[in-house]
Amino acid sequence: KTSVATCRCLPHERDALLVFKQGITRDPAGRLASWGEGEEDCCGWRGIRCSNQTNRVIAIQLRNTQQADDDPKRHPWDTAMAGQISPSLLSLQHLEHLDLSENISGPAGRVPEFLGLLKNLNYLNLSGLTFTGMVPPHLGNLSKLHHLDLSRAGSFVPSYGPSLHSTDISWLSNLPLRYLDMSSVDLSRTVDWAHVVNMVPSLRSS
């Protein structure tokens, strides 16, 4: 019995992922090699998970898992992707899980404010990325966010000093967080940050 291959993922979501791929200028581990290379169904691409009910993209898992290598001299940058996080991700409005940790090296930039518009996001891991500047309070709009990891952000570019900072983290109290790691964020100019963190009732680990 032969089966006819059909495209399960939605065309506009597939296009959004391909635009994201265009923003990646370096991919030494070939994490995005399966994206669009004769494979129409983006639900079958590496690092992509779709809903079995709706075929919508619900997870992007592109963690740099090869950073721990047999060669202790190998730097995480050796296997990290480089480039920019494209706002095309806004087309994935059913996205629940976004893990780009230890990846997307390259020129240091800002944490994208548009991530605060991914209203269904419940897991966001940007640890180990080369970010500088202010942590956008727009993340406080993620009313379903349970996991937020901004640890070691900018740790690959020590010349920048403290890479991320914030003067107001009151937006954290809007989130149903169970896990929070902002250990690399400079909170020295934040008034009573410990009190704010304690005001997150669902928090189990920080």
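Residues being touching a residue at least 60 places away in the same chain (Cβ under 8 Å) and in contact with a helix residue (DSSP H, G or I) (Cβ under 7 Å, 6 or more places away or on another chain): count how many of those fall in segment 78-89. The total comes to 3. Within segment 17-33, not a single residue is open to solvent by 40 Å² or more (accessible area, probe 1.4 Å) and farther than 24 Å from Asn103 by Cα.
The single residue among Val196, Val135, Val157 that is at pLDDT 90 or above, open to solvent by less than 40 Å² (accessible area, probe 1.4 Å) and among the β-branched types (Val, Ile, Thr) turns out to be Val135.
When segment 102-132 is limited to residues that are under 16 Å from Asp181 (Cβ atoms) and of a type in the set (Phe, Trp, Tyr), the one that is surrounded by the most Cβ atoms within 10 Å (Cβ to Cβ) turns out to be Phe131.
Of everything in segment 34-43 that's on the phi < 0 side of the Ramachandran plot and outside any helix (DSSP H, G or I), which residue is surrounded by the fewest Cβ atoms within 10 Å (Cβ to Cβ)? Per the stated criteria, the residue is Glu37.
Remark: Asn52 falls outside the filter, which requires a residue to be open to solvent by less than 20 Å² (accessible area, probe 1.4 Å) and modelled with pLDDT under 95. Arg46 meets the conditions (1) in a helix (DSSP H, G or I); (2) within 17 Å of Asp99 (Cβ to Cβ); (3) not aliphatic (A, V, I, L, M) in every case but one. The failed one is (1). Within segment 63-99, work out how many residues are part of a loop (DSSP other than H, G, I, E, B) and modelled with pLDDT of 95 or more. So the count comes out to 5. Do we have Lys21 as at pLDDT 95 or above and among the charged types (D, E, K, R) here? For Lys21, the condition - at pLDDT 95 or above and among the charged types (D, E, K, R) - is met.
The values are calculated or read from the model by the stated rules, or taken from the named source; none is laboratory data. Treat the numbers as computed from the prediction; the structure is a model and nothing was measured. Cβ: placed from backbone, ideal geometry, glycine included. Neighbour counts: every protein chain shown. For the accessible areas, the whole protein counts, side chains as well, though only heavy atoms, and no ligand, DNA or RNA atoms are used. Shrake-Rupley method; radii C 1.70, N 1.55, O 1.52, S 1.80 Å.
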